Amino acid sequence: MKQLRCSLFVGLAVATFAANAAEPFNIAITVDDLPAHGSVLAPGATRAGIADTFVKTLKAHGVPEAFGFVNARALAVEPNSVQVLDIWRKAGYPLGNHTYSHLSIDSAETQDVWERDVEAGEGPIVPRMAGADWRYFRYPFLAAGSDPVRREGGYAFLRMRGYKIADVSVTFNDWDYTDAYTRCAAKGDYSSIEAMKAQYLKGVDDEIARMRSASQQVYGRMIPQVLLLHLGAFSALTLGDVMKRLDAAGARYVTLAQAQTDPAYAQPGNGMVIARAAKERGIQLPGGQMDRLNLNTLCR
Ligand SMILES: [Zn+2]
């Protein structure tokens, strides 16, 4: 009897853990650096092909909206990449502004220079978003300004132009793999690519778990999440596996506007929202896993 009760208890504990692990949560998907994340492409890859993979994969997983944040300068560098914006719009997904040249407000010579870069970024977005709300802004490098005067000035400028800030609560650091992947693909080093994929997807699982626990620790509840991805070849290659992991974790896909109705998103600022709130409240969050691969030297 004692034995039976004991195993019943274990069974219950396992069931509770499993239920928690897949407890549903809302998440908006956002994608940065349209039309071209990463300055070079691996042989055979195209910007349009990457965008196509993104759109098809997100649609297959029932994602109703994926805001795409544009750096218009890439269109001057790679004129063909304009197809990306049209693929995105044809899918019914919206475009927002990520500055013209991916300029950080911290590294801009003056605030005025940065503001002109924001304005210049609107060019290709406005005609493609006729009748829809394109006034969402994603800070390059998630830098809202380390100097408080510039931060307030930049934010006031964005508000005056009618922008809402597209905040971020979770990222899997896909950008970190972009250049190494391009090098390995050019060399045909598929075992390194497999190692990168394995590490990245392990990181996705870890970050989903961290996102849950950090949200509980800071807010005492699971806030709606905003995921940041980048429109690069490695991100496209792994997106199907990422979406499967999100599905299995209980993700319910919502729009950016829906996610950001939550009071957690009331005050924008530097970096990501949960980490920012933790810092403000003096809460220590556990650190992430250390990567095993040296992505800076891989396939050099
Ligand atoms: Zn970016």
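Provide a single number: the residues in the range 246-285 that are in contact (Cβ under 8 Å) with a residue 24 or more places away in the chain, in a loop (DSSP other than H, G, I, E, B) and among the aliphatic types (A, V, I, L, M).
So the answer is 3.
Every residue in the range 141-155 that is crowded, with 18+ Cβ neighbours inside 10 Å and in contact with a helix residue (DSSP H, G or I) (Cβ under 8 Å, 6 or more places away or on another chain), please.
If the condition is that a residue be crowded, with 18+ Cβ neighbours inside 10 Å and in contact with a helix residue (DSSP H, G or I) (Cβ under 8 Å, 6 or more places away or on another chain), then Ala144, Gly145, Gly154 are the ones that fit.
Tell me which of these Leu158 doesn't satisfy, since it passes every other one: (1) within 23 Å of Val273 (Cα to Cα); (2) of a type in the set (A, V, I, L, M); (3) open to solvent by 60 Å² or more (accessible area, probe 1.4 Å).
Every listed condition holds for Leu158 apart from (3).
From Met222, Met211, grab the single residue that is open to solvent by less than 20 Å² (accessible area, probe 1.4 Å) and on the phi < 0 side of the Ramachandran plot.
Met211
Would you confirm whether or not the range 243-256 contains a residue that is open to solvent by 30 Å² or more (accessible area, probe 1.4 Å) and within 16 Å of the ligand (Cβ to nearest atom)?
For the range 243-256, residues open to solvent by 30 Å² or more (accessible area, probe 1.4 Å) and within 16 Å of the ligand (Cβ to nearest atom): absent.
If the Cβ limit is 6 Å and pairs must be 6+ apart or interchain, which residue in the range 286-300 that is open to solvent by 100 Å² or more (accessible area, probe 1.4 Å) pairs with which residue that is of a type outside the set (Ser, Thr, Tyr)?
Filtered contacts from the range 286-300: Gln289/Asp206.
List pairs: first residue in the range 170-187 and touching a residue at least 12 places away in the same chain (Cβ under 8 Å) and of a type in the set (S, T, N, Q), second residue buried (at least 21 other Cβ atoms within 10 Å of the Cβ) and part of a helix (DSSP H, G or I) anywhere in the structure, Cβ distance under 6 angstrom, at least six positions apart or on different chains.
Going by the 6 Å Cβ cut-off, the qualifying pairs are Thr178/Phe234.
Run Thr238 past the list (1) of a type outside the set (Asp, Glu); (2) open to solvent by less than 40 Å² (accessible area, probe 1.4 Å); (3) part of a loop (DSSP other than H, G, I, E, B) and report the number of the one that doesn't hold.
Condition not satisfied by Thr238: (3).
Considering only residues of the range 116-169 that are closer than 15 Å to Asn270 by Cβ, more than 18 Å from the chain's Cα centre (by Cα) and in a loop (DSSP other than H, G, I, E, B), which is farthest from the ligand (Cβ to nearest atom)?
Asp147
Counting only residues that are within 16 Å of the ligand (Cβ to nearest atom) and among the hydrophobic types (A, V, I, L, M, F, W, C), how many does the range 22-49 have?
The qualifying residues number 4.
The values are calculated or read from the model by the stated rules, or taken from the named source; none is laboratory data. Since the structure is predicted, the reported quantities are computational estimates derived from the model, not experimental observations. Don't worry about glycine lacking a Cβ; one is built from the backbone with ideal geometry, like all the others, and counts go over all protein chains shown. Each accessible area value is taken on the protein alone, full model and side chains, heavy atoms only, with ligands, DNA and RNA left out. Shrake-Rupley method; radii C 1.70, N 1.55, O 1.52, S 1.80 Å.
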